[in-house]
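Before any comments, here is the structure.
The values are calculated or read from the model by the stated rules, or taken from the named source; none is laboratory data. None of these values were measured; they are calculated from a predicted model. Cβ coordinates were reconstructed from backbone atoms using ideal geometry, including for glycine residues, and neighbour counts include every protein chain displayed.
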Amino acid sequence: MRPFRIDVPDAVLDDLRARLNAARLLDDSPNRPPSGMSAPYLRDLVQSWAAFDWREREAWLNGHPQFLADVGDATVHFVHRRARQGDAPALLIMHGWPHLFTLQLDYADLLPDFHVVVVSLPGFAYSTPYATGRITESRLAETMHRLMTEVLGYERYLTYGEDVSANVNDLIAARYPHAVAGIIVTHAHFPTPEERRALVLPDERAFFDRLAATHHTDGAYGHVQATRPDTLAVALNDSPSGLIAWLVEKLVEWSDTPPGEPSAIERRISRERLLTEATVYWVTQTVASSFRPYYEGADTPGPIPPVTVPAAVFIQRHEGDYPESIARSYYRDLRTFERLEAGGHFAVGEVPDAMAERTRRFARELGLL
């Protein structure tokens, strides 16, 4: 394990500004389908990004102790801030897509009584992809567990994941119950397609019917990332305006904000934080490797084993109709099931105060605080 600091060369920032200032932006197409991005909002973002004080934000990021560690054949980047009390609970925090570790730091900062580990998944930000083989959910679960136990020396820890790392979160808790003190969930377990066909309760069928009805349009981004990843990545890696349009569109659509108002995202995730996400993607050139879980990630041939460790499930509003019965059948020691009043797909990034309070409450219930 070795210390790490972010230090983007001036030449990279100068090139980024030049590309932003020379952006060839388009007006919205007539009769276009609904989207989380609009031409006026994109112009505003591009202008703000060209004037963005990255050095100030870089200094803020570097105020969080960061490290690199070789785990297997990947070099994993993570923030590791220890609590003042040595016997404090450890908490692993994992991101998804398109957000990065940076979006979760506000949540981590609200937990000074925890040993917090905010990780960059292999292939994202400052973590390298695996040198050989695929980026799969099982492999990510093993890497995260080894980071917490072998590298950092925690015998037991709490785990939290969302989006791409939701199944990873479940796999860690299911496969390493001796080391997982509890699991915190905002993206509750999804049964396999075969298991869904066996669902009989009306609310269970209605939930997955709703998702299926919107998958053709709402899932288009994932289909492209899974089937034509390199073609898309070439465009996004070369055009910062294209990159921020692709990233922020999903942040807008999945957050707990009114539809049809792209700028409303900033009520949950500030512009400074949006520009930070985009800048890290740009300077690390990791948009291509961030797509790999979409075409490499699914590797479990059957159902993920049930989770038997204590679980706290907080249903975010993007999936607000998720059936409680499914959670209770999968998380066998479910201590809390709650539907969040605010906060969407990126729960700890959107409502960090609310999620920090719930995390602390769960840890107290488990006798960890």
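Descriptive notes on the structure:
- Residue 96 vs. criteria modelled with pLDDT of 95 or more and in contact with an Asp or Glu (Cβ under 7 Å, 6 or more places away or on another chain): yes
- Against the list (1) over 28 Å from residue 158 (Cβ atoms); (2) of a type in the set (Gly, Ala, Ser); (3) at pLDDT 95 or above, the condition residue 206 fails is (3).
- Looking only at residues of region 24-75 that are free of Cβ contacts under 8 Å to residues at least 60 places away in the same chain, aliphatic (A, V, I, L, M) and in contact with a helix residue (DSSP H, G or I) (Cβ under 7 Å, 6 or more places away or on another chain), we find that the one that is surrounded by the most Cβ atoms within 10 Å (Cβ to Cβ) is 50.
- Filter result for residue 199 (assigned to a loop (DSSP other than H, G, I, E, B) and either closer than 20 Å to residue 346 by Cα or of a type in the set (A, V, I, L, M) (or both)): yes
- Count of region 345-369 residues which are closer than 26 Å to residue 97 by Cβ and of a type in the set (A, V, I, L, M): 6
- Of all residues in region 343-369, those that are on the phi < 0 side of the Ramachandran plot and polar (S, T, N, Q) have Cβ atoms under 9 Å from Cβ atoms of residues that are part of a helix (DSSP H, G or I) and modelled with pLDDT of 95 or more, 6 or more apart or on another chain, in 359/107; 359/348.
- Strands (runs of 3 or more DSSP E) contained in region 21-128 and holding at least 2 residues in contact with a Lys or Arg (Cβ under 8 Å, 6 or more places away or on another chain): 66-71, 115-119
- Selected residue [over 23 Å from residue 77 (Cβ atoms), surrounded by 15 or more Cβ atoms within 10 Å (Cβ to Cβ), acidic (Asp, Glu) and more than 22 Å from the chain's Cα centre (by Cα)] from 194, 204: 204
- Pairs meeting the criteria (first residue in region 272-300 and part of a helix (DSSP H, G or I) and at pLDDT 95 or above, second residue surrounded by fewer than 22 Cβ atoms within 10 Å (Cβ to Cβ) and acidic (Asp, Glu), beta carbons under 7 Å, at least 6 apart or on different chains) are 288/230.
- Residue 257 vs. criteria of a type outside the set (Asp, Glu), in a helix (DSSP H, G or I) and surrounded by 20 or more Cβ atoms within 10 Å (Cβ to Cβ): no
- The set of residues in region 144-190 that are acidic (Asp, Glu) and over 22 Å from residue 82 (Cβ atoms) comprises 162, 163, 170.
- In summary, residue 189 fulfils each of the numbered conditions (1) part of a loop (DSSP other than H, G, I, E, B); (2) of a type outside the set (A, V, I, L, M); (3) under 19 Å from the mean Cα position of the chain (by Cα); (4) over 22 Å from residue 307 (Cα atoms) with the single exception of condition (4).
- For region 278-306, a tally of residues being under 30 Å from residue 15 (Cα atoms) and not aromatic (Phe, Trp, Tyr) returns 13.
- Residue 12 surrounded by fewer than 19 Cβ atoms within 10 Å (Cβ to Cβ) and either in a strand (DSSP E or B) or on the phi < 0 side of the Ramachandran plot (or both): yes
- Condition broken by residue 222, with the remaining ones in (1) surrounded by fewer than 17 Cβ atoms within 10 Å (Cβ to Cβ); (2) in contact with a Phe, Trp or Tyr (Cβ under 8 Å, 6 or more places away or on another chain); (3) assigned to a loop (DSSP other than H, G, I, E, B) satisfied: (3)
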